[in-house]
Amino acid sequence: MLQRYQLRHVYASLRSALRQRDWAAATIELGVALGITLPPPPKEIAIRQAADLLRGHLSYRGFKPAELAMLHGKIKNLVKFEDIPVEQARQFAQQQRQYSCVALSSPYRKDYLLLRTSPAQADDPRALATVYVSVDRAAEVLCALEAQQREDPRKAGALLEIPDCCVQAFVHDSDRARRDQDTLNDDACRRLLATAAQDSGGDWRLNPLANEELLGFYPCSSTCSAAIGRANLVLAAMDCHVAAAAQERLGRTALYFRLPFFATLSASPADGRLASGLLINAFADPLARTAQALFAAHLCQLAEQADSAASVPVDDRAATLVAVLAKHQAPASAPPLVARWR
């Protein structure tokens, strides 16, 4: 599997190829990042068409419905809102005067491929901030804690009232990732999704792969009872239409390569074709979005191969797609996961 320092070089080459619209070179670099040998690049028109499959709600940005429900429903003492444009963050902070403490992180920019952050000037149009809101001084404490280069997941977990079992699992992820935040997020997500890739599947309320996710942390497993209890409180605090949208989006099967490259699949597409039920994660960043459109175009080609398998029930085609992908798997790379939610 690629190490993070290697992935930086791969993504730099991918960005360069995308800027030059060199789809052959971009396909090679994307394949290296995904751990598979991709077929020859699709035509540019296919990449443009595949962009229709991109969905911003599969990204992590802005004010999430669950976090707003936690705040307004008084479910937790402390709530944080990540990746908010700086001016929006300031306005939101000013509106929370009924709370004892509101803290803002320093401005930062985000690399939407590596998911790495770096300091930014407040007047940078791409600058983001994290807003912390609490009924006591916990917002200031967590803001200061997360500003450190080496965060303490146990202290942060206690402040955010995350169940102990989930904190311990995340601490283990953190130790394995050597506290590298980007590797940590990918490892934690893969560890959780692996439990939903088993025959029994996972509980949809614990699916992290949409902006409608209900927790704001990675549970220890996709069936954790403590995490489900928290998710139920959040659902009860939501408007019924928002809760229904969350259930629809979080109930979709996920095909996961690595953050930020994943897709969700419809269990029963209208025309019976797996390829027509694909939706792909997307960010607003133009180059990252183009990379995801290229990913979508290749995934459509591979899904069509899975669809061509005669007499395969639609519920099994996700597994058939993984079998197709396995033929292209690079040595020592992590295989894609199919996480099913019930």
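The values are calculated or read from the model by the stated rules, or taken from the named source; none is laboratory data. Note that the structure is predicted; figures quoted are calculated from it, not measured. Neighbour counts are summed over all protein chains in view; Cβ atoms, including those assigned to glycine, are modelled from backbone coordinates with ideal geometry.
Yes or no, residue by residue, for (1) outside the structural domain of Arg15 (by TED's automatic domain parsing); (2) at pLDDT below 95; (3) within 29 Å of Thr290 (Cβ to Cβ):
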| position | (1), (2), (3) |
| --- | --- |
| Gln96 | yes, yes, no |
| Ser100 | yes, yes, no |
| Thr130 | yes, no, yes |
| Glu146 | yes, yes, no |
| Ala169 | yes, no, no |
| His172 | yes, yes, no |
| Arg176 | yes, yes, no |
| Asp182 | yes, yes, yes |
Kindly check whether there is at least one residue in the stretch 3-15 that is modelled with pLDDT under 95 and among the polar types (S, T, N, Q).
-> yes
Would you check which residues across the stretch 194-208 are at pLDDT below 95 and either among the aromatic types (Phe, Trp, Tyr) or surrounded by 23 or more Cβ atoms within 10 Å (Cβ to Cβ) (or both) and list them?
-> none
Among strands (runs of 3 or more DSSP E) entirely within the stretch 82-156, at least 2 residues that are exposed (fewer than 15 other Cβ atoms within 10 Å of the Cβ) occur in 116-119
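Evaluate the following for Glu140: is it among the acidic types (Asp, Glu) and closer than 30 Å to Thr223 by Cβ?
Working: among the acidic types (Asp, Glu): yes; closer than 30 Å to Thr223 by Cβ: no.
Criteria not met by Glu140.
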Examine the stretch 67-79 for a residue that is under 22 Å from the mean Cα position of the chain (by Cα) and either surrounded by fewer than 18 Cβ atoms within 10 Å (Cβ to Cβ) or over 25 Å from Ala246 (Cβ atoms) (or both), and state whether such a residue exists.
-> yes
Residues (part of a strand (DSSP E or B) and either in contact with a His (Cβ under 6 Å, 6 or more places away or on another chain) or at pLDDT 95 or above (or both)) located in the stretch 245-255 = none
Of those in the stretch 172-193 that are among the hydrophobic types (A, V, I, L, M, F, W, C) and within 27 Å of Leu235 (Cβ to Cβ), the residue surrounded by the most Cβ atoms within 10 Å (Cβ to Cβ) is Leu192
Pair list, Cβ < 8 Å and 6+ apart or interchain, from the stretch 182-207 residues that are over 15 Å from Leu255 (Cα atoms) to residues that are part of a strand (DSSP E or B) | Asp182/Arg116; Asp203/Trp341
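Please determine whether any residue of the stretch 310-319 is of a type in the set (Asp, Glu) and at pLDDT 90 or above. Walk me through it before giving the result.
Step one: of the stretch 310-319, the residues of a type in the set (Asp, Glu) are 315-316.
Now drop any that are not at pLDDT 90 or above, which leaves none.
Scanning the stretch 310-319, I find no residue that is of a type in the set (Asp, Glu) and at pLDDT 90 or above, so the answer is no.
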Give the stretch 157-171 a look and list any residue that's surrounded by fewer than 16 Cβ atoms within 10 Å (Cβ to Cβ) and within 24 Å of Ser118 (Cα to Cα), or say none.
-> Val171
